[in-house]
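Below: one structure, written as structure tokens.
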Amino acid sequence: MNINSKLSDWQKHNLISEYQKNAILEYENRVKRPIFYYSLIFLSCFCISIGIIALIAANWEIIPQYIKLISAYVLVSGVGAGIYFSRTSDKIYLYEGLVLLFALLILGTIGLVGQIYHLPSQGLQAVLFWSVLTFPLMFITQRPLFPALWMFGFSLSILDFCHQTPQLRTVLELLFEPHQNLGFCVTLTVLLFVWQSLKLLQQKTLLTALQGWIIALFACFALWLDMIGFGWEYNAQPLNFTQWQIYGVSLALFLALWKLSSAKRTSLAFICLSILYGYTFFANFLPKGEDILSALMMLLLLSIVGIFAYQNHHIRLFKTISILLTLRFFGIYCEVFGSLLTTGLGLITSGIIFLSLAWYGRKLSSRFLQSMKGNTNA
Amino acid sequence: MHRVILFRLVLFFPLITLFVWTLSLQYTILYGNSVTVAVTGYDPRDLLSGHYLSLTPDWTNTDCSQFEKNKCPKTDFETRYRFYISEDIAPQLEKLINQLRPEMSLEFSYHNHHPAIRSLLIENTPWQEWYDAKKQ
């Protein structure tokens, strides 16, 4: 439904007046972005840049190496100058784009030097080197895009570096084998520690990016552990003494961090991580009950995030969590799928649960809307 | 004022580091001792990896007298080297190497225990000359 018919519909139901309808239409027409114009500009820039790259690539062999290197340095310096002079400009997207381009050109220059001097490649060492060189850039960005990209590159390359270094590989094996959950707990605790430490620097963009990264990692880890419970990979062996010691130290650090933090949002992260710690503990003693434990863990996590979404008026998140909870319940039903009797009973139970969830979700949504209305009136 | 200094530092740090790194590589290439290490395909069945020849030192066929105390410093060298070959030549070169099984070696510039590749030699001639001769 386009805005015109939507507004007519609202007017028909006496939600808005004729005057309001016209005012909204006028405003929407005024702020309308010339998408066609911007699309053509983007397309022409894209074609020209790909064309230039293709021309350079076609003549790559005949371009002397020193010209390649000088050009790379001139390009990086030019973009660097662009960042410097646009730092006070209002064009925030241009500035952020230049920072991103600068970082990518540095990676490209590392690759070029590696190619010219025939340097041996060892895993993702070039990306690790790039991470070191571009780390200070995170302190001059105003949007979390580059920090998020940096964190992704750094995490992958440091993991690869640990994997390639024999001593560090032993540490990785100790953390992630036979259970991945110990490694996940330690990783998330370390990240929370970094997050708390970064708060002292008061770098909002950095904190936002790290927060997003922690949430994404947590979601991936929880999903992975739940998949193990689903029987995709079953690898249940008790933790050894050294692993228990690591668990203890990590838990102590986690509890200390929890005690030190006070913000409401931080508490959600700590409650979720405490569930992961609990799961790691119990999965060790009940290896055969891993299926039900992981399902319980996921249901608990989703419920807590759902409550948080409800309390903080995040309606989209709340609805998404409700759907995920329903799906997870259906997953439990699939896990116990057996004879006709259990199938029938399982389907009836699932149906009742879905109905209850739908009813309760609707009730919560209306209560939620009412509270929002109350807030607006106040 | 502090912000301006921060900006300059942040932007100059990667540039200067990259520049010093490139200079150090160039210095090693220019002023190191020339040594030749015999090489074979890292995976003899599949020599080419993208645009690169994937090579591994063959210490049994390397003349160790070119190093100090007549001893090959194996730990100073990597176990795997990549040598860039342009896209249009690489498949033909790989084919020729697989057919003729020539002796290959990498010429390094060796300075202060740091080896840097200078060129690829096939039957003791630069690879491009060897390729041009065999192609005809």
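Among B:Pro91, B:Ala133, B:Leu15, pick out the residue whose Cα is farthest towards the positive end of the charge dipole of chain B, where Lys and Arg carry +1 and Asp and Glu carry -1 on C-beta, about the Cα centre.
Positive-most Cα among the choices belongs to B:Leu15.
Averaged over peptide B:3-11, how many Cβ atoms belonging to another chain are found within 10 Å of each residue's Cβ?
That average works out to 5.
In the protein assembly as shown, what cysteines have no partner Cβ closer than 4.7 Å?
So far as the 4.7 Å Cβ criterion goes, A:Cys45, A:Cys47, A:Cys162, A:Cys185, A:Cys220, A:Cys272, A:Cys334 stand without a partner in the protein assembly as shown.
B:Val39's amide H: which non-local residues (gap 5+, or another chain) put their own amide H closer than 5 Å, with H modeled 1.01 Å from N in plane and none for Pro or chain starts?
When sequence neighbours closer than 5 places are left aside, the close amide H contacts are B:Asp58, B:Met104, B:Ser105, B:Leu106.
No solvent, one uniform scatterer per C-alpha: report log10 I(q)/I(0) for chain B via the Debye equation at q = 0.14, 0.18, 0.21 1/Å, two decimals.
Once normalised to I(0) and log-transformed, intensities are -0.72, -1.02, -1.26.
Report the Stokes-Einstein translational diffusion coefficient (µm² s⁻¹, integer) for the protein assembly as shown, Rh taken as the Kirkwood radius over Cα pairs, at 10 °C with viscosity 1.306 mPa s. Numbers along the way, then the final one.
On the way: Rh = 28.9 Å.
Reported coefficient: 55 µm²/s.
Express the C-alpha Rg of segment A:112-170 as a ratio against the empirical globular expectation 2.2 N^0.38 Å, rounded to two decimals.
Values: Rg = 13.4 Å, N = 59, 2.2 N^0.38 = 10.4 Å.
For segment A:112-170, the normalised Cα radius of gyration is 1.29.
From the phi of every residue in segment A:138-150, what ³J(HN,Hα) in whole Hz does the Karplus formula 6.51 cos²θ - 1.76 cosθ + 1.60 yield, where θ is phi - 60° and glycine or proline is x?
Using θ = phi - 60°, the values come out as 5, 8, 10, 7, 10, 10, x, 4, 5, x, 5, 5, 4 Hz.
Residues of B:16-28, mean number of Cβ from any other protein chain within 10 Å of their own Cβ, rounded to a whole number?
Numbers: counts 1, 4, 11, 5, 0, 6, 9, 0, 0, 6, 5, 0, 1.
For this peptide, the per-residue mean of nearby foreign Cβ atoms is 4.
In square angstrom and rounded to 100, what buried accessible area do you get between chains B and A, total over both, with the probe at 1.4 Å? It would help to have the intermediate numbers written out before the result.
On the way: alone 9680 and 24330 Å², together 31180 Å².
Counting both chains, the buried surface is close to 2800 Å².
Toward the positive end of the charge dipole of the protein assembly as shown, about the Cα centre and with charges on Cβ (Lys, Arg +1; Asp, Glu -1), which of B:Ser65, A:Gln245, A:Ile271 goes farthest?
Going by the charge dipole, the pick is A:Ile271.
Quick one: dipole size for chain A, taken about the Cα centre, charges +1 on Lys/Arg Cβ and -1 on Asp/Glu Cβ, in debye to the nearest 20. The partial results should precede the final answer.
Values: 24 positive and 15 negative charges, 291 e Å.
It works out to roughly 1400 debye.
Ranked highest first by average number of other Cβ atoms within 10 Å, how do B:19-25, A:2-8 line up?
Values: B:19-25: 14.7, A:2-8: 11.7.
For the peptides B:19-25, A:2-8, the packing ranking is B:19-25, A:2-8.
Over chain A, what is the relative contact order in whole percent, taking alpha-carbon pairs under 8 Å and six or more residues apart?
Values: 244 pairs, mean separation 36.1, N = 378.
Averaging sequence separation for qualifying contacts and normalising by length gives 10 percent for chain A.
Can you tell me which of A:150-161, A:64-75, A:95-106 comes out highest on packing, and rank the rest after it, using the mean Cβ neighbours within 10 Å? Walk me through the numbers before you get to the answer.
Details: A:150-161: 17.2, A:64-75: 13.5, A:95-106: 20.3.
In descending order of packing, they fall as A:95-106, A:150-161, A:64-75.
Counting only protein chains, not ligands or nucleic acids, how are A:His313, B:His113, B:His2 ordered by accessible area (probe 1.4 Å), most first?
Details: A:His313 65, B:His113 120, B:His2 155 Å².
My answer, sorted largest first, is B:His2, B:His113, A:His313.
Please name whichever of A:Leu43, A:Gln11, A:Asn59 sits farthest to the positive end of the charge dipole of segment A:1-79, dipole taken about the Cα centre and charges placed at Cβ: Lys and Arg +1, Asp and Glu -1.
A:Gln11
Rolling a 1.4 angstrom probe over the protein chains, ignoring ligands and nucleic acids, what is the accessible area of A:Arg169 in square angstrom, nearest 10?
The accessible area of A:Arg169 comes to roughly 100 Å².
Determine, for each peptide in A:187-195, A:250-258, the mean count of other beta carbons within 10 angstrom over its residues, then list the peptides with the highest first.
Result, highest mean Cβ count within 10 Å first: A:187-195, A:250-258.
Evaluate peptide A:118-124: per residue, the Cβ atoms of other protein chains within 10 Å of its Cβ; return the mean as an integer.
6
The values are calculated or read from the model by the stated rules, or taken from the named source; none is laboratory data. Keep in mind it's a predicted model, so treat the numbers as computed, not measured. Every residue, glycine as well, gets a Cβ built from its backbone with ideal geometry; the counts of neighbours run over all protein chains shown. Each accessible area value is taken on the protein alone, full model and side chains, heavy atoms only, with ligands, DNA and RNA left out. Shrake-Rupley method; radii C 1.70, N 1.55, O 1.52, S 1.80 Å.
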